[in-house]
Amino acid sequence: MHSWGTIGAGELAYDPGLVRAPVADLRGEWDCLVTHDDARWLLDALGASPLKLDVKIRRATHLMHLEESRYQLYRQAQRFLEDEPP
């Protein structure tokens, strides 16, 4: 398994270009670990994915599942899994 330092250097344990499933990037508006550029890079690299969503959860950090914003996270994940538009 790769460490965060290795992922930060652009080395992943998988090839994002081979992912053929729909992908939702759910991240916090105040996330300091995953930047807009990081998310854009990943979504661009997911070339074979038929659907790529970039959803920013308002007033949330990287730990949004522990914050008040967690309900927004849950709703967005459920919508994606039920194939509803964001």
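Take region 41-86 and flag every residue that is basic (K, R) and over 11 Å from the mean Cα position of the chain (by Cα). Within region 41-86, R58, R59, R70, R75, R79 meet the criteria.
Could we say that L73 is under 19 Å from Y14 (Cα atoms), buried (at least 16 other Cβ atoms within 10 Å of the Cβ) and at pLDDT 95 or above here? No, not satisfied. Tell me whether region 41-53 contains one or more residues that are in a strand (DSSP E or B) and surrounded by 12 or more Cβ atoms within 10 Å (Cβ to Cβ). Among the residues of region 41-53, at least one is in a strand (DSSP E or B) and surrounded by 12 or more Cβ atoms within 10 Å (Cβ to Cβ), which makes the answer yes. Among residues belonging to region 13-40 that are surrounded by fewer than 12 Cβ atoms within 10 Å (Cβ to Cβ) and of a type in the set (D, E), point out the one that is farthest from the chain's Cα centre (by Cα). Taking the candidates together, the pick is D15.
The values are calculated or read from the model by the stated rules, or taken from the named source; none is laboratory data. Keep in mind the model is a prediction, meaning the values are calculated, not measured. As a convention, Cβ positions derive from the backbone with ideal geometry for all residues, glycine included, and neighbour counts pool all protein chains shown.
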